1. Residues that are touching a residue at least 12 places away in the same chain (Cβ under 8 Å): find the helices (runs of 4 or more DSSP H) completely inside the stretch A:1-67 holding 3 or more of those.
2. Between a first residue in the stretch B:93-109 that is touching a residue at least 24 places away in the same chain (Cβ under 8 Å) and a second residue that is in a loop (DSSP other than H, G, I, E, B) and surrounded by 22 or more Cβ atoms within 10 Å (Cβ to Cβ), which pairs have beta carbons less than 8 Å apart while being 6 or more apart in sequence or on different chains?
3. Every residue in the stretch B:1-50 that is under 29 Å from A:L21 (Cβ atoms) and acidic (D, E), please.
4. Being in the same structural domain as B:R10 (by TED's automatic domain parsing), in a helix (DSSP H, G or I), within 18 Å of the chain's Cα centre (by Cα) and surrounded by 22 or more Cβ atoms within 10 Å (Cβ to Cβ) narrows it down to one residue among B:T75, B:T151; which is it?
5. Which residues, counting only those in the stretch B:129-148, are over 29 Å from A:A49 (Cβ atoms) and either touching a residue at least 12 places away in the same chain (Cβ under 8 Å) or surrounded by 22 or more Cβ atoms within 10 Å (Cβ to Cβ) (or both)?
6. If the Cβ limit is 7 Å and pairs must be 6+ apart or interchain, which residue in the stretch B:168-189 that is closer than 15 Å to A:F95 by Cβ and within 7 Å of chain A (Cβ to nearest Cβ) pairs with which residue that is of a type in the set (A, V, I, L, M) and surrounded by fewer than 19 Cβ atoms within 10 Å (Cβ to Cβ)?
7. With respect to B:Y207, is the statement that it is outside the structural domain of B:F18 (by TED's automatic domain parsing) and either modelled with pLDDT of 90 or more or surrounded by fewer than 19 Cβ atoms within 10 Å (Cβ to Cβ) (or both) true?
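The values are calculated or read from the model by the stated rules, or taken from the named source; none is laboratory data. Just so we're clear, the structure is a prediction, and the values are computed from it rather than from any experiment. Please note: Cβ atoms are built from the backbone with ideal geometry, for glycine as well, and neighbour counts cover all protein chains shown.
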Amino acid sequence: MIDDTLQIWTVIIVLGLGTFLLRFSFLGMIGSRAMPGWALRLLRYTPVAVMPGLVAPLVLWPAATGGETDPARLAAALVTLAAGVLTRNVLAAIFLGAAALYLTPLLF
Amino acid sequence: MTPSRSAYLRGCLASAPFALVIVPFGLLFGVVGAEAGLNIVEVMGFSIMVIAGAAQFTALQMMADDAPTVIVLATALAVNLRMAMYSAALTPHLGKAPTGMRALIAYFLVDQTFAVSSMQYDRDPGMPLAQKVAFFFGAVTPICPLWYVATYAGAVLGTAIPPEFALDFAVPITFLAMIAPLLRTPAHIAAAFVSIAVTLALAFLPYNTGLLIAAVAAMITGAQVEIWTERRLAR
């Protein structure tokens, strides 16, 4: 149980302000100044650089199973990825991934 | 219809599919927060002031594990470092907006609004500023208000969602569905591969630092492969 009210509000306020400053960093300070070409080239890859790394451990070692690889979650991840690549449709990928997540346990 | 109004509506439409994952994700945060001992004001404090699901879950988990406040903050902020990259990536498109507007955009800069907007600006870089801003707030509309409402509902219900629903997996599925359509060039595929490989190899590092190193390596990989591809095409 979390019962330290002072800690809770310290975390909420500092995390809130810190997150806002991260989001405002470039938008706020650089403003209308143009970014150099090499920076733009790097930043083009931000989503594919961060999100796969964020997801990989969650797929392979889900906390919900105590870190043990789970066939249903693995199948759901692979189906979502394949559906997303083939259809280019985010919603279809989510639906098919969820279907794989719920149907895989029935197969075993 | 004015061009800005139509851009706003296109933004709404583009991010609407994510409502389907924001709702379970927000509900889950409300439920987990309530079960961890937070009251409704505290749970809502997280979702309104931080408005970043992954970091909120991280902070909650670490407080439940009795981690010191400084470590809780450092870890949760590390999870959110990607927001600075989002900020930088949108600056060429939205940097000329008035300061107050940019502050509001920054507050609403979450994974989904970023993904949808940056894809749109990539596709149509020549869009006028007013339409780019309108598109962004269109993308915010189906996402952020639902985040507050879903969190509130989860905290009020407080009832445990049965673990069979595997709601924890809403996050990975959403992210994967967002990434997959981006894997359209060798550079994007190489960057994604490096991101995964380096994160897994550095999983032993504390506080998500492995992910940060992996992200930097992956961005450099993507940029380098892009340069090689261009050279080969130029020949």
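1. Where helices (runs of 4 or more DSSP H) fall fully within the stretch A:1-67 and carry at least 3 residues being touching a residue at least 12 places away in the same chain (Cβ under 8 Å), they are A:46-60.
2. If the second residue must be in a loop (DSSP other than H, G, I, E, B) and surrounded by 22 or more Cβ atoms within 10 Å (Cβ to Cβ), the pairs left are B:Y107/B:I51; B:F108/B:I51.
3. Answer for the stretch B:1-50, where residues must be under 29 Å from A:L21 (Cβ atoms) and acidic (D, E): just B:E42.
4. Unique residue meeting the criteria: B:T151.
5. The answer is B:A130, B:Y148.
6. The qualifying pairs are B:A180/A:V85.
7. Yes: the conditions hold for B:Y207.
Condition check ((1) out of contact with any His (no Cβ under 8 Å at 6 or more places or on another chain); (2) of a type in the set (D, E); (3) in contact (Cβ under 8 Å) with a residue 12 or more places away in the chain; (4) facing another protein chain (nearest Cβ under 8 Å)) across all residues:
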position: B:Y8; (1), (2), (3), (4): yes, no, yes, no
position: B:I22; (1), (2), (3), (4): yes, no, yes, no
position: B:F25; (1), (2), (3), (4): yes, no, yes, no
position: B:L28; (1), (2), (3), (4): yes, no, yes, no
position: B:E35; (1), (2), (3), (4): yes, yes, yes, no
position: B:V72; (1), (2), (3), (4): yes, no, yes, yes
position: B:N80; (1), (2), (3), (4): yes, no, yes, yes
position: B:M83; (1), (2), (3), (4): yes, no, yes, yes
position: B:Y86; (1), (2), (3), (4): yes, no, yes, yes
